[in-house]
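First, the structure itself, so that you have it in front of you.
No value in this document is a laboratory result; all are computed from the given coordinates. Keep in mind it's a predicted model, so treat the numbers as computed, not measured. Backbone-built Cβ (ideal geometry, glycine too); neighbour counts: all protein chains shown.
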Amino acid sequence: MAGPVAAGRGLDSEAVRAAMVRKLREQGLHNAAVAQAFGAVPRHLFVDSALVTQAYEDTSLPIGLGQTISKPSVVGRMLELLLECPAVAQGRVLEIGTGCGYQAALLGRLCREVYSMERLRALHEKARENLRPLRIPNVHLILGDGTLGYPKGAPYAGILAAAGGEAIPDAWLEQLAVGGRLVAPAVVGGASGERQCLVVVDRTAQGCVQQVLEAVHFVPLKSGIV
Ligand code: SAH
């Protein structure tokens, strides 16, 4: 299929967005709320104007400073995993790695309150610009080192990271509510060596229960603010 016809920001985005959602559903996206959010948030407004024609393809794209907006199928997978936890939709959610703000916008439609952290000032500001016209009052952007979490909003019903480190930082587990769920990429060791996988942690009254899922490729989780 030919890509969408770009007329700058005047692209007929609703039709191409609907086509993207159809494809994601064919590939297994089953959560109706997540599909609806994908259909509502204009992904092309979050990428550079030179990349607008690719905005609705299932691909990751550069957003500057060596970072990328994750591909929609991966974003969908993570959102579905997060929302499997019944507390998430009605609770506060912490996102680590705002990037361009796209996933934060989706989370804003899916959860009651969203705190999204970014360590790169330029991207934090870009996300603010990107989100402004969408007027999503329940998404709060924070410039900060996400490895420390954001204690002011804790405890969180959900924590979602878009950058992967060697391990899940302790601060995230401490700030996760009992009954809450964390979804993040992290390096896990196995018989075939170390690789980055999607990790799900459910915090129960008895402690944390971890599942290691498929291999993924996320940008590295780094410390400090730049
Ligand atoms: N969800 C984003 C994906 C951005 S890529 C989107 O929709 O665009 C991951 C982001 O995580 C990058 O912008 C990177 O700068 C950020 N990041 C990496 N380590 C971080 C940290 N310790 N705290 C906050 N953000 C971090």
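About its Cα centre, what dipole magnitude does the range 23-121 give when the only charges are +1 on Lys and Arg Cβ and -1 on Asp and Glu Cβ, stated in debye to the nearest 20?
Here the range 23-121 has a charge dipole of around 140 debye.
Next question. Roughly how big is the chain's charge dipole about its Cα centre, with Cβ charges of +1 (Lys, Arg) and -1 (Asp, Glu), in debye to the nearest 20?
Here the chain has a charge dipole of around 500 debye.
If you count, for each residue, the other Cβ atoms within 10 Å and average over each peptide, how do 61-71, 198-208 line up from highest to lowest?
61-71, 198-208
Using modelled amide H (1.01 Å from N, peptide plane; none on Pro or chain starts), what sits under 5 Å from the amide H of Leu94, excluding residues fewer than 5 places away?
Counting only residues 5 or more places away or on other chains, the set is Tyr115, Gly158, Ile159, Leu160.
Sticking with this one: Apply the Karplus parameterisation 6.51 cos²θ - 1.76 cosθ + 1.60, with θ equal to phi minus 60°, to every residue of the range 171-185 and state each ³J(HN,Hα) to the nearest whole Hz, in sequence, with x for glycine and proline.
Ordered by residue, 3J(HN,Hα) equals 4, 5, 5, 5, 8, 7, 5, 5, x, x, 9, 10, 10, 7, x Hz.
By how many nm would the segment from Ile142 to Glu26 lengthen if fully extended, with 0.36 nm per residue of separation less the alpha-carbon distance?
38.2 nm
Hey, can you grab everything whose amide H is under 5 Å from the amide H of Ile63? Only 5+ residues off in sequence or another chain; H modelled, so Pro and N-termini drop out.
Correct list: Thr68, Ile69.
Then there is this: Modelling each spin label as a point 7 Å along the Cα-to-Cβ direction, I'd like the Lys152/Arg135 distance in nm, to one decimal.
In this crude label model, Lys152 to Arg135 measures out at 2.5 nm.
So between Ala50 and Ala215, what do we pick up on full extension, going 0.36 nm a residue minus the alpha carbon distance?
On the way: separation 165, 0.36 × 165 = 59.40 nm, distance 3.01 nm.
Gain in length upon complete extension: 56.4 nm.
Run lengths n ≥ 4 of DSSP H only: what is the helix-derived mean residue ellipticity at 222 nm for the chain, with -39500 (n - 2.57) per run over all residues, to the nearest 500?
-8000 deg cm²/dmol
Name the residue from Leu221, Ala205, Phe38 whose Cα lies farthest towards the positive end of the charge dipole of the chain, charges +1 on Cβ of Lys and Arg and -1 on Cβ of Asp and Glu.
With unit charges placed on the Cβ atoms, the residue in question is Phe38.
What FRET efficiency comes out for the pair Ala19/Ala205, r = Cβ-Cβ distance, R0 = 30 Å, nearest 0.05?
0.10
Any idea how far the Cα center of the range 76-92 sits from the one of the range 145-183, in Å?
14 Å
Considering the dipole of the chain built from charges on the beta carbon (Lys and Arg +1, Asp and Glu -1) around the Cα centre, which of Pro185, Ala89, Ile168 is farthest to its positive end?
Going by the charge dipole, the pick is Ala89.
In the chain, which longest range has no GluC sites (Glu not before Pro) that are both DSSP loop (not H, G, I, E or B) and surrounded by at most 14 other Cβ atoms within 10 Å? List each step's numbers first, then the result.
On the way: sites that count: Glu84, Glu166.
Segment 1-83 is the longest.
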